[in-house]
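For reference, the structure is listed below as structure tokens.
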């Protein structure tokens, strides 16, 4: 018996059948309460939804709308992921995988996992995105159709009437509209932030790496864009092309990249003096590869922190646009245009404007919490 | 210092020109024109021609641009299409309202933000700090239009304490001096609160972060070791250094005082620059829109410059005499 066996005495331990069949429960029993319950929920939700709405899920095989396809695929992946995570994490829990050297990235992720507030925000975000993806399966009513308007309009929130958050002036269920509206806010925020990060990274890395007149040209472009009042630019362009989801994403993305560009440029200025970049140059690595394989990945941590902290602002701007009537057009629900509708009925139906606002606040708070936690995790100055 | 300022302005002027030129062409290429709002089945095409001619929009684009540029440089903003008044007058009416609202909001939010940020950082991990951090996070993440509506719902409709919007009550003329004063204040409370809260929350987060960073540094430990009182260490040594980023924040907020906030002004029906800007875009009122952009653009540039100069004033380590210190 050598020393390795002593370190991992349970390395070939077998789990009983129920531990395989009920993901998460075994971890729960072994004391990993939050992780175990999370995996159990990941397993439980698909099962419940499948039993609750088998007809909708099976309609995938006979032809259905794209969102039902998406929801069903997500459901299936969630189900698979719960088993996969269960087996992997159970192994990890019983026989911890000890690594000698870990990368900067892994150090950061470990510190992030220890931050309870950050993990909580991440779970809330996971929940929100799940709701958005599963909208057609979980929303109690159709968000657009109006049935029997005279009987069901302006119903106040109640537990018994079947309309949990009440209805609006067209007799549409508010909860369903908020669930469907989450797709717009979450999707637009994410996609336009990705666009901003893409543009900003390219401009920042090119400016920082090449320096000289290229750098000054690009930085003057940044100054030019920063001088514009953002909302004004967005309003003009939306007035020009008309409010459509595509253009809102494009405009939000194209007016939000300047911060990323400055950030990446700053990172690259210090990174490019380091030995490993000198080494890649000496090895004759192509410039393109240096920029996108060596410089940007090394600047990734601050970029992700920045993106997470700013996605909330993008969501707020999008909601503001919808509120002004320049965002997603009714009857398609988005949180902003539901509040706008509620504003017109503020006295007789307070709930219409109130609840979508809570949804926005919860989303943006979660993004900010996660962003703060990531920043703390990746900030070398805060490391003990 | 002076050469630095002159050089910065020299760099800024072409940028402002480029930005305004871009705005000019984006607006002109956008579909619709100032006559669109009058169009109905009885609208005579000849009247449209006459109106276009009166606005000078019948000439080729480059001639319009040249006319606009030459008069703009001479300080003539032209005449508003929509209101048939000089643009300078339209802006003059709106800018004081916006200055009053946003200036108050900025001062109040900076003061509360800085003070709460310092206290929160000094008592890090205390209950006060926890409450402040969470509260500021919530207010920082709140859409201003929603907060405004909720305040109107509670304080105007439910409690009936404050007016829902506007600047003055209808019967303002018939009030005595004290009532008039209270009327003005009552109309200001909610919009100032909405505008100030978000920026107070972000100033607080900023100040707290900066203060925490300073408190960990060696010179603070040295000051404590020398026997400087806790009060002096916190409020003099640390605060003076931690306030630097907030000074920059103040400079960067200057354009906001003039530009107004579109959404808050819409929610509270406040007759300020934000509303002027929004209506000018919707009505295709080109002279007003470009004048508003020009003001904001110049203010952003000035704000950046003022932020840098103030930074040099409070931070003795920054020197601009040697030339290259700006970047």
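The values are calculated or read from the model by the stated rules, or taken from the named source; none is laboratory data. Please read these numbers as outputs of a predicted model, since none were measured by experiment. All Cβ positions, even for glycine, are placed from backbone atoms using ideal geometry, and neighbour counts span all protein chains on display.
Here is a list: A:265, A:293. Which entry is assigned to a helix (DSSP H, G or I) and surrounded by fewer than 24 Cβ atoms within 10 Å (Cβ to Cβ)?
A:293 is the lone residue from the list that is assigned to a helix (DSSP H, G or I) and surrounded by fewer than 24 Cβ atoms within 10 Å (Cβ to Cβ).
Which residues, taken from the range A:327-346, are surrounded by fewer than 24 Cβ atoms within 10 Å (Cβ to Cβ) and within 10 Å of another protein chain (Cβ to nearest Cβ)?
Result: A:340, A:343, A:346.
How many of the residues making up the range B:48-88 are part of a loop (DSSP other than H, G, I, E, B), within 30 Å of the chain's Cα centre (by Cα) and crowded, with 16+ Cβ neighbours inside 10 Å?
6
Might you check whether a residue that is at pLDDT 85 or above and within 18 Å of residue A:185 (Cβ to Cβ) occurs anywhere in the range A:139-146?
no
Taking the condition out of contact with any helix residue (DSSP H, G or I) (no Cβ under 7 Å at 6 or more places or on another chain), under 29 Å from residue A:230 (Cα atoms), at pLDDT 85 or above and assigned to a helix (DSSP H, G or I), does residue A:288 pass? Don't jump to the end; show me each part of the working.
Numbers: out of contact with any helix residue (DSSP H, G or I) (no Cβ under 7 Å at 6 or more places or on another chain): yes; under 29 Å from residue A:230 (Cα atoms): no; at pLDDT 85 or above: yes; assigned to a helix (DSSP H, G or I): yes.
When the stated conditions are applied, residue A:288 does not pass them.
Can you tell me which of (1) surrounded by fewer than 16 Cβ atoms within 10 Å (Cβ to Cβ); (2) under 30 Å from the mean Cα position of the chain (by Cα); (3) over 17 Å from residue A:185 (Cβ atoms) is the one residue A:244 doesn't meet?
(3)
Take the residues of the range A:367-377 that are surrounded by 24 or more Cβ atoms within 10 Å (Cβ to Cβ) and within 13 Å of the chain's Cα centre (by Cα): which is farthest from the other protein chains (Cβ to nearest Cβ)?
My answer is A:370.
Residue by residue, here is whether (1) surrounded by 20 or more Cβ atoms within 10 Å (Cβ to Cβ); (2) more than 12 Å from the chain's Cα centre (by Cα) holds:
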{"site": "B:220", "(1), (2)": "no, yes"}
{"site": "B:232", "(1), (2)": "no, yes"}
{"site": "B:252", "(1), (2)": "no, no"}
{"site": "B:268", "(1), (2)": "yes, yes"}
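With (1) farther than 17 Å from residue B:283 by Cα; (2) away from chain A (no Cβ under 14 Å) as the list, and residue B:15 as the residue in question, which single condition is left unmet?
Failed condition: (2).
If I go through the range A:347-364 residue by residue, how many of them are at the interface with chain B (Cβ under 7 Å from one of its Cβ atoms) and touching a helix residue (DSSP H, G or I) at 6+ places or on another chain (Cβ under 6 Å)?
Going through the range A:347-364 one residue at a time, the tally reaches 6.
Among the helices (runs of 4 or more DSSP H) confined wholly to the range B:229-302, which include 2 or more residues that are in contact (Cβ under 8 Å) with a residue 24 or more places away in the chain, more than 10 Å from every other protein chain (Cβ to nearest Cβ) and within 27 Å of residue B:55 (Cα to Cα)? Step through it out loud before you land on a result.
Working: elements: B:239-242, B:244-259, B:262-267, B:273-282.
Passing ranges, in order: B:273-282.
For the range B:132-168, give me each residue that is more than 13 Å from every other protein chain (Cβ to nearest Cβ) and buried (at least 17 other Cβ atoms within 10 Å of the Cβ).
Residues of the range B:132-168 that are more than 13 Å from every other protein chain (Cβ to nearest Cβ), as a first pass: B:132, B:159, B:161-163, B:166-168.
Within the range B:132-168, B:132, B:162, B:163, B:167 meet the criteria.
All but one of (1) within 30 Å of residue B:266 (Cβ to Cβ); (2) surrounded by fewer than 22 Cβ atoms within 10 Å (Cβ to Cβ); (3) free of Cβ contacts under 8 Å to residues at least 24 places away in the same chain hold for residue A:221, so report the exception by its number.
Looking at each condition in turn, residue A:221 falls short on (1).
Within the range B:145-161, how many residues turn out to be out of contact with any helix residue (DSSP H, G or I) (no Cβ under 9 Å at 6 or more places or on another chain) and in a loop (DSSP other than H, G, I, E, B)?
Matching residues across the range B:145-161 total 2.
How many residues are more than 24 Å from the chain's Cα centre (by Cα), closer than 22 Å to residue B:109 by Cβ and outside any helix (DSSP H, G or I) if we restrict to the range B:162-215?
Result for the range B:162-215: 1.
Among the residues of the range A:203-230, write down those that are more than 11 Å from chain B (Cβ to nearest Cβ), over 28 Å from residue B:290 (Cα atoms) and in a helix (DSSP H, G or I). Write out each step before concluding.
Going residue by residue through the range A:203-230, those that are more than 11 Å from chain B (Cβ to nearest Cβ) are A:203-214, A:217-218.
Pick out the ones that are also over 28 Å from residue B:290 (Cα atoms) and you get A:203-214.
Hits for the range A:203-230 are A:203, A:204, A:205, A:206, A:207, A:208, A:209, A:210, A:212, A:213, A:214.
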